Amino acid sequence: MLDSTSKRILFHTGNKGKFLEASELMMSRGIRLELLSVLKPGIRVIEPQMNAFNEVATSKLRQVLEQIGDEFDDDWIMVEDSGLLIDELGGFPGPYSSYVYSRIGPNGILRLMDGVGTRNARYTASLSVWNGSEIQSFEGFCEGIIALEPKGDQGFGYDPIFIPIEGDGRTFSEMTKFEKSRLSHRANALNILSDAMLVPSI
Ligand code: ITT
């Protein structure tokens with residue numbers, strides 16, 4: 001098992017928004033996140049078609065580990081799979097959130113929501129982390145509702161149409177990164193991970 005006091009995690013993601021949120025939050029806890037693709041360009045990950053976020057994340061992580069071999073033995077390696085699940089759409093777009101975002105975006109989701117009864121939704125984030133000896137999973141959730149129209153220009157992805165239940169009625173895109181990180185699925189998962197890292201081993 002790696003010494004967790006090294007406190008550097010290499011995050012493999014092609015999503016800049018995820019990286020910026022995660023690195024800011026972890027920095028506030030004294031843990032440095034670096035983008036693996038900067039240290040080792042050319043890693044290719046094929047996202048498998050599975051329904052469970054943690055299974056997708058674990059598959060992505062295994063692909064990364066195969067490609068880096070023993071090159072980053074002193075570091076922890078992390079990937080994330082996340083998405084938006086809308087109750088009235090049977091959990092859609094769920095694990096297809098990235099693809100659906102690139103095809104129809106938040107406005108397409110709003111069109112699909114025309115005339116639906118309830119607008120309940122949640123974000124899920126599943127982190128898969130290699131700690132030097134095993135793969136661990138950490139999950140976070142955030143309950144919310146889908147707005148009637150997009151609002152705000154912060155954040156990324158579906159943030160302009162997602163209003164967290166525990167917020168004050170603003171969408172995530174109307175909040176600063178700091179405000180979003182007090183409520184978000186990603187922050188909830190990262191907080192569990194950082195608690196686990198910061199506990200001194202016996
Ligand atoms: P990587 O796999 O390279 O990390 P990705 O964007 O493809 O990047 P996912 O497969 O996990 O990542 O897709 C998650 C999608 O769900 C993401 O592209 C957004 O559209 C959406 N999403 C997840 N978390 C979000 C958040 O905090 N705010 C807005 N949209 C989010």
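The values are calculated or read from the model by the stated rules, or taken from the named source; none is laboratory data. Note that the structure is a prediction, hence the values are computed from the model and not measured. Cβ placement follows ideal geometry from the backbone for every residue including glycine, while neighbour counts extend to all protein chains displayed. Please note that ligands, DNA and RNA were not included when accessible areas were found on the heavy atoms of the full protein model with its side chains. Shrake-Rupley method; radii C 1.70, N 1.55, O 1.52, S 1.80 Å.
Expressed as a whole percent, how much of the Cα-Cα distance distribution for the chain exceeds 27 Å?
Tail fraction, whole percent: 30.
Where only protein heavy atoms count, and the probe is 1.4 Å, what is the accessible area per residue for segment 143-202 in Å²?
That works out to 53 Å² for each residue.
Roughly how big is segment 138-182's charge dipole about its Cα centre, with Cβ charges of +1 (Lys, Arg) and -1 (Asp, Glu), in debye to the nearest 20? Could the numbers behind the result be given before it?
Details: 5 positive and 9 negative charges, 23 e Å.
The calculation lands at about 100 debye.
Work through the residues other than GLU143 whose Cβ is under 13 Å from its Cβ and net out their charges, Lys, Arg +1 and Asp, Glu -1. Let's see the in-between values first.
Values: positive: ARG119, ARG122; negative: ASP87, GLU166.
Summing Lys/Arg as +1 and Asp/Glu as -1 gives 0.
Under a 1.4 Å probe, what is the accessible area of segment 14-129 per residue, stated in Å²?
On the way: 5840 Å² over 116 residues.
Accessible area per residue, segment 14-129: 50 Å².
Mind grabbing the accessible area of THR118 for me, 1.4 Å probe, Å², rounded to tens?
60 Å²
Which distance in nm do the two modelled labels at ARG8 and LEU89 give, with both placed 7 Å along the Cα-to-Cβ direction?
Once both label points are built, they end up 4.0 nm from each other.
Please list, by residue number, everything in segment 100-116 whose backbone N is under 19 Å from a paramagnetic label point 7 Å out along Cα→Cβ of ASN51.
Counting backbone N atoms under 19 Å from the label point, the list is 100.
Per the helix-only calculation at 222 nm, which mean residue ellipticity applies to the chain, given -39500 (n - 2.57) for every DSSP H run of n ≥ 4 and division by its residues, nearest 500 deg cm²/dmol? Spell out each step's value before the answer.
On the way: 6 runs with 66 residues, N = 202.
So the helix-based figure for the chain works out to -10000 deg cm²/dmol.
Top to bottom by accessible area (1.4 Å), largest first, where do SER133, SER28 land?
Most to least solvent-accessible, the answer reads SER28, SER133.
What lysines could a cross-link reach from LYS60, if we take a straight Cα to Cα line under 24 Å and drop same-chain neighbours fewer than 8 places away?
Leaving aside lysines fewer than 8 places away in the same chain, those within reach of LYS60 are LYS7, LYS16, LYS18, LYS40.
Hey, any idea what % of segment 1-143's accessible area is carbon plus sulfur with a 1.4 Å probe? Let's see the in-between values first.
On the way: 3490 of 7160 Å².
Reported share for carbon and sulfur atoms: 49 percent.
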